[in-house]
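The values are calculated or read from the model by the stated rules, or taken from the named source; none is laboratory data. Predicted, not measured: the structure shown is a model, and the values here were computed from it. Heads up, the Cβs are rebuilt from the backbone with ideal geometry, glycines too, and the neighbour counts pull from every protein chain shown. Remember, those area values only see protein heavy atoms, side chains included, never the ligands or the DNA or RNA. Shrake-Rupley method; radii C 1.70, N 1.55, O 1.52, S 1.80 Å.
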Amino acid sequence: MSSIKERQEEVVEEFSMFEDWMDKYEYLISLGKELPLIEESKKVEENIIKGCQSRVWLDAQLQDGKIYFTADSDAIITKGIIALMIRVLSESSPKDIAETDLHFVDEIGLKEHLSPTRSNGLVSMIKKMKTYGIAFQAKA
Amino acid sequence: MSQAVRQKFNVEEIRKDFPILSRKVNGKPLVYFDNGATSQKPDVVADAISLYYKHENSNIHRGVHTLSQEATTAYEQVREKMQQYLSAEHKEEIIFTKGTTDGINLIASSFGKHHLKEGDEVIISAMEHHSNIVPWQMICEEKGATLKVIPINDQGEIDLEAYKGLLSSRTKMVSIVHISNTLGTINPVKEMTALAQEKGAVVLIDGAQSVPHKPINVQEIGAEFYVFSMHKLFGPTGVGVLYGKKEWLDALPPYQGGGDMIKTVTFERTTYNELPHKFEAGTPNIAGGIATGAALDYLNQLDWEGIQLHEQSLLDYGTEKLKQIEGLRIIGEAAQKASVISFVVDGIHAYDLGVIMDKMGVAVRTGHHCTQPLMNRFGILGTARASFAFYNTKEEIDQFMEALHRAIKMLK
Ligand SMILES: Cc1ncc(COP(=O)(O)O)c(C=O)c1O
């Protein structure tokens with residue numbers, strides 16, 4: 001299994017192929033459509049992250065010392081970005097998740113989606129993913 | 001100082017006054033359809049702010065020196081201009097605030113303090129902006145009064161019969177929006193004001209979205225209070241207007257305490273300054289006030305009849321184009337409607353539409369537009385909204401439609 005660092009580099013490389021924003025967003029949208037949905041039973045109030053614009057659900061399970069994330073959003077572009085986050089962070093140790101520096105979003109030119117005015121729940125989602133990392137370190 | 005009315009409304013000429021309209025966004029010509037959130041500013045407004053800070057800056061109402069006197073005179077002249085613009089009876093009926101939200105909070109607090117008690121009722125409508133809901137909730141809770149909500153129909157129009165049914169001797173305040181920021185509905189505020197006043201209630205109109213579409217005559221509407229923000233009226237941010245009938249403003253207690261609003265202060269007792277200063281504690285946004293004057297001069301020379309025809313044609317054109325899209329539903333189809341179109345597209349989140357359209361240079365607002373109860377009424381979470389100002393064009397609507405088609409194709 002590759003490290004978070006390697007997975008970030010992989011995503012950055014993948015995105016470097018896109019020549020214009022359309023290709024990039026079409027890819028994001030397809031990722032969003034493919035994202036395995038969070039189980040309905042996990043789409044509960046305590047798993048919801050409310051942005052002003054879109055909503056995000058996030059669930060985390062600890063298994064054999066690794067965190068497995070599942071997530072969903074009602075907006076497809078948000079969901080595409082979530083898919084990337086999960087690909088990069090899921091199945092890693094709580095410590096790695098807690099300590100990671102997520103630079104890939106910036107590097108693939110999607111930083112605007114993490115700006116506070118977007119209020120799409122993504123920033124809070126990243127925070128929550130890291131919080132799970134910290135919380136599960138105690139258990140792992 | 002108002003200039004002569006321009007010959008005739010000409011959108012290409014008008015656009016030259018707004019330099020931002022010729023910029024590009026993401027490599028495409030900007031199509032700015034988020035005028036409901038804030039309007040763009042003509043050159044003269046930006047220039048007035050710069051000139052003020054470079055040549056005139058000084059505090060007002062408190063200096064004997066020349067600069068202070070000049071600034072005070074200039075600031076007070078803007079109050080007079082505003083009085084004329086709104087056809088108010090007295091100049092001290094114009095209170096400068098920070099904006100619509102500030103004006104509503106001022107009245108909710110000052111009116112509520114003295115005039116609301118347990119069992120009293122305040123009436124608002126189902127299409128209010130949060131800023132005309134929350135301040136009333138807060139004061140009602142404090143005073144044990146009840147907030148009543150006028151329902152609307154599926155077109156997004158106020159149910160006047162239901163409104164009449166809600167009015168009673170317990171009604172102390174009716175606070176309603178003139179034009180809905182989300183639906184574009186123009187409410188019959190004159191009629192609604194008269195109905196409330198028959199019952200002895202006082203009326204506040206939230207004019208945030210009405211002032212950009214035509215000059216308002218506050219005496220003709222007849223409400224005790226009328227509030228709006230200059231930033232939506234082609235003026236600066238941070239300046240709002242609270243118009244209030246003199247006898248009401250005189251009777252209300254001050255909202256905030258501080259400098260400028262007092263006559264004498266001892267540690268035992270303070271006497272308050274007279275209107276309008278009683279409600280203007282502290283150093284105001286002087287540069288914004290001066291720029292407000294420049295905005296009014298600009299507005300005064302516009303051909304408003306021509307503007308109304310133009311905006312109606314934008315609304316008709318945009319509505320017709322949007323209706324051709326399969327699976328698109330317009331939210332807000334009132335018979336009396338301003339140039340605002342909210343819509344949802346089946347199976348597509350408004351946020352996604354907004355993101356893709358932005359990539360194509362088109363600025364629309366997405367989300368609940370600070371009207372969550374209204375969204376609940378329509379059973380939706382949010383809409384995409386195109387709101388037009390007089391400087392927008394049919395060609396821009398074409399670019400907007402192209403972006404929308406592209407977005408739908410990508411997102412479906
Ligand atoms: C109808 C309505 N009321 C009130 C407001 C609040 O205005 P401001 O934020 O300028 O105080 C707005 C602005 O979005 C509005 O559209």
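Accessible surface area normalised per residue over the protein assembly as shown is 44 Å², counting heavy atoms of protein chains with a 1.4 Å rolling probe. Extension gain for the segment residue A:10 to residue A:27, taken as residue separation times 0.36 nm less the Cα-Cα distance, is 4.6 nm to one decimal. For the range B:358-365, 3J(HN,Hα) computed residue by residue from phi via the Karplus equation (6.51, -1.76, 1.60; θ = phi - 60°) reads 4, 4, 9, x, 9, 9, 10, 9 Hz, glycine and proline entered as x.
From the Kirkwood radius over Cα pairs of the range B:108-211, Stokes-Einstein at 37 °C and 0.692 mPa s returns a whole-number translational diffusion coefficient of 242 µm²/s. With K and R counted +1 and D and E -1, the other residues having a Cβ less than 12 Å from that of residue A:134 yield a net charge of +3. Please report how far the C-alpha centroid of the range B:297-328 lies from that of the range B:122-198, rounded to the nearest whole angstrom. Their Cα centres are 27 Å away from one another. Stretching the chain fully between residue B:214 and residue B:320 yields a gain of 35.8 nm (0.36 nm per residue, less the alpha carbon separation). Quick check on the range B:48-300: take the gyration tensor over C-alpha atoms, sort the square-rooted eigenvalues as a ≥ b ≥ c, and tell me if it's rounded (a/c under 1.5), prolate or oblate. Oblate, since a/c reaches 1.5 and b/c is not below a/b.
Under the criterion of Cα pairs below 8 Å and six or more residues apart, the relative contact order for the range A:68-140 equals 36 percent. Restriction of the chymotrypsin sites (Phe, Trp or Tyr not before Pro) in the range B:234-270 to DSSP coil positions whose beta-carbon has at most 13 other beta-carbons within 10 angstrom yields B:267.
Note on residue B:56 and residue B:89: the extension gain reaches 8.9 nm, defined as 0.36 nm multiplied by sequence separation minus the Cα-Cα distance.
Whole-Hz Karplus values for the range B:190-198 come out as 5, 5, 5, 5, 4, 4, 5, 5, 4 Hz, taken residue by residue from phi with 6.51 cos²θ - 1.76 cosθ + 1.60 and θ = phi - 60°; glycine and proline positions read x. Taking 19 Å as the straight-line reach from the Cα of residue B:412, the aspartates and glutamates in range (excluding those fewer than 8 positions away in the same chain) are A:23, A:26, A:34, A:72, A:74, B:326, B:346, B:352, B:358, B:402. For the range B:203-277, the number of Lys pairs separated by eight or more positions or lying on different chains, with C-alpha atoms closer than 22 Å, is 4. For residue A:66, the lysines whose Cα falls under 27 Å of its own Cα, not counting residues fewer than eight places away in the same chain, are A:5, A:33, A:42, A:43, A:50, A:79, A:95, A:127, A:128, A:130, A:139. The loop-placed trypsin sites (Lys or Arg not before Pro) in the range B:37-108, going by DSSP, that have at most 11 neighbouring Cβ atoms within 10 Å of their Cβ come out as B:62. So how far, in whole Å, is the C-alpha centre of the range B:1-68 from the one of the range A:87-140? The range B:1-68 and the range A:87-140 have Cα centres spaced 42 Å from each other.
Summarising the overall dimensions of the protein assembly as shown from its C-alpha atoms, the Rg and Dmax are 26.4, 79 angstrom.
What is the percent of Cα-Cα separations in the range A:4-139 that go past 17 Å? Tail fraction, whole percent: 58.
Using the Cβ of residue B:55 as centre and a radius below 12 Å, the other residues enclosed give a net charge of -2, where K and R count +1 and D and E count -1.
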